[in-house]
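Here is the structure we will look at, set down as structure tokens.
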Amino acid sequence: MRSRAMFELMLDTANLEEIKRYTDYYPVSGITTNPTILKAAGKIDFFKHLAAIRDIIGQERSLHVQVVSHDCQGIIDDAQKIMNVIGEENTYIKIPVNEEGLKAIKELKARGVRVTATAVYTAMQGFLALLAGADYIAVYYNRLQSFDIDPSPVVSSIAEFIVRHESSSKILAASFKNSTQVLDSISLGADSATVPVSLLSTALSMPAIGLAISDFEKDWESIHGVGSKIPTL
């Protein structure tokens, strides 16, 4: 049985300022995008914007970019165009898992391209993407719940398949509305999660955190004086 790597946190955004700020403060291992996320960034030049994201995050972080074509050959062509601009290193081509997408995943993996299978709503989609060789399986956690479908068996079934067959594929849990969903996906076996930046900032904005810091400061100053710091030895 293969050992599991450290959990990966990714940002689900194409906003350059957000990427600059949050990759500086948070332990972010990658950026995920899709046409909807790119639309939120405004009227952008697609390739220039992707190149700008790569410049910010460097080569050590992953960048996941979604195709827009629907047929296998079009998907392959899209993938090549994307890699021509931002390079192949740590670039993952996001492909929705339907028949044409699955065919393209098989072909691209045969060429050594990194692939993120996306728009996964069922365990069967996940199984098929794994068998096709996808590196990441992006399960839409909150969207499943919004359809009154429990995402738990979807994530856990795919995770069990990965472990049982010693697959190198990873579950990338996606589509979140709150931190509880993220933590639940981890407990179910997700290897990574991509989250909106609003979720991260909310997680650290709990008033009790600030109150605790303030109390610590007051207790220190009651002993050592207002504005005092830990002395240099």
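The table for this structure:
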quantity	calculated
At least 15 Å along the helix axis (C-alpha) and Kyte average at least 1.0, DSSP helices within the chain	152-164
Proximal lysines relative to Lys229, as straight alpha-carbon distance under 22 Å, when same-chain residues fewer than 8 apart are discounted	Lys218
Carbon + sulfur, % of accessible area of the chain - ligands and nucleic acids excluded, 1.4 Å	56 percent
Share of Cα-Cα pairs in region 14-74 lying beyond 18 Å, as whole percent	35 percent
Formal net charge of residues neighbouring Gly227 (Cβ-Cβ distance under 13 Å; K, R +1; D, E -1)	0
Computed lengthening from Leu16 to Ser152, 0.36 nm per intervening residue step minus Cα-Cα distance	45.7 nm
Size of region 126-233 as Cα extents on the principal axes (Å, biggest first)	64, 37, 19
Around Tyr22: net Lys/Arg minus Asp/Glu count, Cβ-Cβ under 13 Å	-1
Accessible area of region 73-172 divided out per residue, in Å², using a probe of 1.4 angstrom	45 Å²
Debye intensity ratio I(q)/I(0), log10, region 112-167, q values 0.22, 0.24, 0.30 Å⁻¹ (C-alpha model)	-0.79, -0.91, -1.24
Relative compactness, the chain, computed as alpha-carbon Rg over 2.2 N^0.38 Å	1.17
Cross-link pairs beyond the 24 Å C-alpha cut-off, checked among Lys81/Lys106; Lys20/Lys43; Lys39/Lys177; Lys20/Lys170	Lys20/Lys170
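The values are calculated or read from the model by the stated rules, or taken from the named source; none is laboratory data. Keep in mind that what you see is a predicted model, and the values were worked out from it rather than measured. Neighbour counts run over all protein chains shown; Cβ positions are idealised from the backbone, glycine included. Note: accessible area is taken over every heavy atom of the protein model, side chains too, but ligands, DNA and RNA are not part of it. Shrake-Rupley method; radii C 1.70, N 1.55, O 1.52, S 1.80 Å.
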